[in-house]
Amino acid sequence: MAAHPQEARRAPYPSSQNGRTQSRGGGNRQKSRIQGGWAADAHQPRGRVQARGRGQPNFRGRGYHPTLQCNLGPDPTQEPPSDPNPQAQEYPPGLNPYAPEFKSAGGPPKQEQSQDMPYPEHTVTPHQGYFGQPHDLMHQGYKYIPPAPEEQVSVPEETKPKMIEEDGEYIISEEPSGKSRIVLFKNFLSQEEADEALCQLEQEIKFKQQVNKNRAGKDYLEPRLVRWFGEHPYAYSKVRMEANEEWPPALLRLKEKIEKKNDLTFNSVLANLYRTGKDGVAWHSDDEYGLREQPKIASLSLGETRMFEMRKKPPKGINPYEFDYTTSEKLTVPLTHGALLLMTDHTQDDWQHQVPKEYHDKQKRINLTFRTIYPDARHERKQDRVLKLD
Ligand SMILES: O=C(O)CCC(=O)C(=O)O
Ligand SMILES: [Fe+2]
């Protein structure tokens, strides 16, 4: 797993944008096409993609425990409640108590004082009709003149994620590298199979918490536990995990089931344990050297439903560290108990993904990302190389 740009990653990008400005709010943003269902018919109900705000409380996923409810509660990312004093916007600008003509007419009508009035000495607060008017100017008797509409700064709108909740194959983009494709099988495992796999893996996998380094070189404990299984070592960011071929039987059975169903082969898996909603994984692409070009990655989820978020990378030549991702295309795939998500073609080249931490209580979740990894000479230690020469 290559780290989020703010951690560390291979970076073929120049350190500055060489005077180029990044595309914002439409412009020449790259296009994606999302196809629903297995058939070429994009109108099939399967594979429907809808634009929807993140963390909408009407999402229902399959839980791994009969009593588990996905109660997301109020969303702190939503708009704050509307202005408790809507009158403030409607205060007639002509009634500026600091304007000379208003003062000479005897000032504003007397109002009753109450605890809710933060400025008892004034019957009109600066907020009421004078927002944006500097105090000193108001005291000199200037009138408030609202800015002309064309002078208002236009802020690019944050792109809302599209939800992918239905089984199917989705071409999520067709450039710049080529097609990026994901395939979702929500009920890859039956409820019983998924329950059994979760219990077995919890007991059989010795998860560990890794120490990673941030971009400033400071150590931090990763907010999740991991374990690597594979014939080659695996390294991402500042973490190196040794080859480990002691696959628990349950893990091997799952690997074989995924391989058979999709006509694929894998030689490794990264197992992640998210203990609570406070665990997650930051933005990254699975694009390590050892995975080679256009890797096929099969991600099986067990336990609590978590949001798998994807965002389009900046166009080539733009520094990802300086890019404003608020206008990137975004997808959210709720990964439920027993769901399998395949990522193929150029998905790792053109997209990043994350599992964000959540504000709401979340039960444990195990995620298995099956991959094929090739020996990566850059990750071999000196003594490994010496041993191989013998
Ligand atoms: O937990 C997940 O769904 C994603 C894990 C992941 O991105 C990774 O292991 O590289
Ligand atoms: Fe990943």
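The values are calculated or read from the model by the stated rules, or taken from the named source; none is laboratory data. Given the structure is predicted, the values throughout are model-derived calculations rather than measurements. Ideal geometry is used to build each Cβ from the backbone, glycine not excepted, and the neighbour counts take in all protein chains shown. Heads up: the accessible areas ignore ligands, DNA and RNA and are worked out on the full protein's heavy atoms, side chains in. Shrake-Rupley method; radii C 1.70, N 1.55, O 1.52, S 1.80 Å.
Which condition does Leu291 not pass, out of (1) modelled with pLDDT of 95 or more; (2) closer than 30 Å to Glu193 by Cα, if it passes all the others?
Unmet for Leu291, out of (1) modelled with pLDDT of 95 or more; (2) closer than 30 Å to Glu193 by Cα: (1).
Only residues in segment 306-317 that are under 13 Å from His353 (Cα atoms) count as the first member; pair them with residues that are open to solvent by less than 20 Å² (accessible area, probe 1.4 Å) and away from ligand 2 (no atom under 13 Å from the Cβ), Cβ under 6 angstrom, at least 6 apart or cross-chain, and list the lot.
Arg306/Arg365; Met307/Thr332; Met307/Pro334; Glu309/Thr332; Met310/Leu331; Arg311/Ser328; Lys312/Ser328; Lys313/Asp350
Kindly indicate which of Leu291, Leu254, Leu302 is crowded, with 22+ Cβ neighbours inside 10 Å and within 12 Å of ligand 2 (Cβ to nearest atom).
Answer to the check: Leu291.
Could you say whether any residue in segment 198-211 is away from ligand 1 (no atom under 16 Å from the Cβ), open to solvent by less than 60 Å² (accessible area, probe 1.4 Å), farther than 24 Å from Lys313 by Cβ and not in a loop (DSSP other than H, G, I, E, B)?
Yes, there is a match, as at least one residue in segment 198-211 is away from ligand 1 (no atom under 16 Å from the Cβ), open to solvent by less than 60 Å² (accessible area, probe 1.4 Å), farther than 24 Å from Lys313 by Cβ and not in a loop (DSSP other than H, G, I, E, B).
Specify the residue that is modelled with the lowest pLDDT; the eligible residues are those in segment 234-249 that are part of a loop (DSSP other than H, G, I, E, B) and over 19 Å from Asn214 (Cα atoms).
Looking at residues that are part of a loop (DSSP other than H, G, I, E, B) and over 19 Å from Asn214 (Cα atoms), I get Glu242.
Within segment 282-309, which residues are out of contact with any Pro (no Cβ under 8 Å at 6 or more places or on another chain) and among the hydrophobic types (A, V, I, L, M, F, W, C)?
As a first pass, look at segment 282-309 and keep what is out of contact with any Pro (no Cβ under 8 Å at 6 or more places or on another chain): 282, 284-285, 288-289, 291-304.
Within segment 282-309, Ala282, Leu291, Ile297, Ala298, Leu300, Leu302 meet the criteria.
Can you tell which of Glu259, Glu231, Glu246 is under 17 Å from Ser299 (Cβ atoms) and out of contact with any Pro (no Cβ under 8 Å at 6 or more places or on another chain)? Can you show your working first?
Numbers: Glu231 fails: under 17 Å from Ser299 (Cβ atoms); Glu246 fails: under 17 Å from Ser299 (Cβ atoms).
Answer to the selection: Glu259.
Consider Pro161 carefully, then state whether it is modelled with pLDDT of 85 or more and over 30 Å from Leu254 (Cβ atoms).
No: the conditions fail for Pro161.
Confirm whether Arg227 is charged (D, E, K, R), assigned to a strand (DSSP E or B) and at pLDDT 95 or above. Working first, answer last.
Details: charged (D, E, K, R): yes; assigned to a strand (DSSP E or B): yes; at pLDDT 95 or above: yes.
Yes; evaluated as a whole, the condition is true for this residue.
Of all the residues that make up segment 284-308, how many are within 10 Å of ligand 1 (Cβ to nearest atom) and not in a loop (DSSP other than H, G, I, E, B)?
Total meeting the criteria: 9.
Those residues that are touching a Gly at 6+ places or on another chain (Cβ under 9 Å) and more than 16 Å from ligand 2 (Cβ to nearest atom), I need them from segment 257-273; list them, please.
Once the filter is applied, which keeps residues that are touching a Gly at 6+ places or on another chain (Cβ under 9 Å) and more than 16 Å from ligand 2 (Cβ to nearest atom), segment 257-273 yields only Asn267.
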